[in-house]
Amino acid sequence: MFKLPSLFHTNSLWTADFKRLCLVSFFMFSSYHLLTPILPLYLSQVRGFHGETVGLIMAGLMIASMLARPWIGFQCDHGSKTHLMRWGVLLLLLANAGYPFSHDFYSLIGLRVIHGVAYALIYTGTASYLVEHLPPEHKAEGLSHYGNAIKLAMAFSPAVGIWLTTQGTPFLEIGCLLACLLTLLCAVSIWQVTPDPVGPLPPVRTRDFIANLLNKDALFPGLIMALASLAFGALMPYIPLLSLEKHLTETHWFYTLYAASLITSRWFTGPISDTYGRASVLIPGLAMVALSLLLIASANSTILFLVATVMYGLAAGTVQPSLMAMAADKNQPETQGSAMATFTLFNDIGIAGGMFVMATLGDLHGYVYALQWIAAGVGFAWLLLCIHTWQQTRKISIKTSVT
C-alpha cells in the first residue's frame with residue numbers, strides 16, 4: 001500500500017493546514033445549521049407538507065450521509081482526501097442553491113440526498129486528513145480544537161436562521177443565499193489546503209472493498225460514541241418540548257451555555273487525553289454525561305436546569321475528541337479514512353437513535369421518561385468502557401510480568 005508522506009513537517013499543532021481545515025468545518029457546519037430551523041418551517045407553512053413528509057425530507061440528508069460514509073472512507077484510504085473535499089463543496093453549493101427552486105417532494109428529497117453526500121465528503125475528508133497528519137502528541141488536542149470550530153458554528157448560525165424566519169418571506173431565499181456565501185468561503189479554504197499526494201494504486205477487488213467498508217479497529221470507539229451521541233440527538237431538537245412538559249421558562253439559554261461549556265472543556269481535556277491516556281478523560285466524562293442527563297430530567301427550576309446544562313456541556317466536550325483519537329490510535333495512515341468513516345457513521349447513528357427514542361417514548365410516556373432511558377444508554381457506554389479499560393490494563397500487566 002502506498003503511504004502518504006507527512007504534510008505537517010513540524011510537531012506544532014497550529015499549522016496553516018490545520019487552521020484551514022478548522023475553517024472548512026466552521027463554514028460547512030455554519031451553512032448546515034443555518035438552514036436547519038428554516039427548512040422545516042418552509043416545508044410546512046409555505047409548501048404545505050404534512051409532518052411525516054417534512055420528517056422524511058429532513059431525514060434524507062442524514063440517511064444519505066450514513067449510506068455514503070463507508071464508501072467515502074474507502075476512497076479516503078485509496079485516493080486524495082482533498083479531492084473528495086473539493087467534490088463535496090461543489091455538491092454542497094448545488095444543494096444550498098437549489099432549495100428555492102425545488103417545490104415538489106421528489107426534487108427536495110433529491111437535494112437532501114445531494115446535501116447528505118456533500119456533508120459526508122467534507123466531514124469524513126477533513127477528519128481523516130487531520131488524524132493522519134496531526135502530531136501524535138497533540139492528536140486529541142487537535143481534534144478538540146477541530147470540534148470547537150464545529151460547535152462555534154452551532155453557537156450562532158441556528159439563531160440567525162430562527163431570526164430570518166421571523167422576518168417574513170422570502171426567508172428561505174435569504175437563508176440559502178447566506179448558506180451559499182458560507183459554502184464559497186468553505187471552498188476557498190479547501191482549495192488552500194495542501195493537496196495530499198496519491199501514488200500508484202493496485203487494483204482493488206470487490207471482496208477487499210466489502211471487507212473494508214467498516215473499520216474493525218474503530219468499531220469499539222464508534223459503539224461508545226453512538227451510545228454517547230444518544231444524548232445529543234435527544235436534547236438538541238427536544239429542549240423546547242421538554243421545557244413545556246416541565247413548565248420551565250428561559251431554557252433557550254441551553255444552546256448557548258452548552259456550546260460555551262463544551263468549547264471550554266475541550267481546551268484542557270484534549271491535552272490531558274494525550275498525556276495521560278484516553279480513559280483518563282473518557283471514564284469521568286461519560287459518567288458526568290449520564291449524571292447531567294438525570295439532573296436535566298429531574299430539574300424543577302430553570303436555574304437547576306441550566307446548571308445541569310453547563311455540566312452536560314463540560315462532560316460532552318471530553319468525549320468525542322478522545323473517542324475519535326482512540327479510533328485513530330489503532331489504525332495505520334493507510335486505513336485512517338475508513339476509521340473516520342466508521343467512527344462518524346456510528347456518531348450519526350447515535351444522534352438519529354436519540355431523536356427516535358425521544359420521539360417515540362416522549363409521545364407515549366413523556367420526555368422526562370425518555371431522557372432517563374437515554375441516560376441509561378450513556379451509563380451502559382460507561383460500563384462497557386470501564387470493562388474495556390480494565391481488560392487492556394490487565395493485558396499490559398500480564399505482558400510486563402512475563403517479560
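The values are calculated or read from the model by the stated rules, or taken from the named source; none is laboratory data. Bear in mind the structure is a predicted one, so any value in this text is a computation, not a measurement. No Cβ is skipped: glycine too gets one built from the backbone with ideal geometry, and neighbour counts run over all protein chains shown.
Worth pointing out:
- Any hit, the stretch 125-147, residues being more than 23 Å from P271 (Cα to Cα) and either in contact (Cβ under 8 Å) with a residue 40 or more places away in the chain or under 15 Å from the mean Cα position of the chain (by Cα) (or both): yes
- Matching residues in the stretch 234-288 - criterion: being in contact (Cβ under 8 Å) with a residue 40 or more places away in the chain, of a type in the set (G, A, S) and more than 25 Å from A299 (Cβ to Cβ): G270, S273, A279
- When residues in the stretch 160-182 are screened for being in a helix (DSSP H, G or I) and either touching a residue at least 60 places away in the same chain (Cβ under 8 Å) or within 15 Å of the chain's Cα centre (by Cα) (or both), 14 of them pass.
- Residue check, K151 over 16 Å from S338 (Cα atoms), surrounded by 23 or more Cβ atoms within 10 Å (Cβ to Cβ) and basic (K, R): no
- Looking only at the stretch 360-372, residues that are in contact (Cβ under 8 Å) with a residue 60 or more places away in the chain and in contact with a Phe, Trp or Tyr (Cβ under 9 Å, 6 or more places away or on another chain) come to 4 in all.
- Check on G125, within 21 Å of R20 (Cα to Cα), small (G, A, S) and in a helix (DSSP H, G or I): yes
- Subset of the stretch 42-53 [part of a helix (DSSP H, G or I) and either among the acidic types (D, E) or surrounded by fewer than 18 Cβ atoms within 10 Å (Cβ to Cβ) (or both)]: S44, Q45, V46, G51, E52, T53
- Residues in the stretch 225-253 that are on the phi > 0 side of the Ramachandran plot and at pLDDT 80 or above: H247 only.
- Residue that is crowded, with 21+ Cβ neighbours inside 10 Å, β-branched (V, I, T) and part of a helix (DSSP H, G or I), where the choices are V378, V368, V357: V378
- In the stretch 9-38, the residues that are in a helix (DSSP H, G or I) and either on the phi > 0 side of the Ramachandran plot or in contact with a Pro (Cβ under 6 Å, 6 or more places away or on another chain) (or both): H33
- None of L121, L130, L90 is among the hydrophobic types (A, V, I, L, M, F, W, C), surrounded by fewer than 24 Cβ atoms within 10 Å (Cβ to Cβ) and either over 24 Å from H33 (Cβ atoms) or outside the structural domain of M326 (by TED's automatic domain parsing) (or both) except L90.
- Pairs are defined by a Cβ separation below 9 Å, a sequence spacing of at least 6 or placement on different chains, a first member in the stretch 373-389 that is assigned by TED's automatic domain parsing to the domain that holds R278, and a second member that is among the charged types (D, E, K, R); the pairs so defined are T389/R278.
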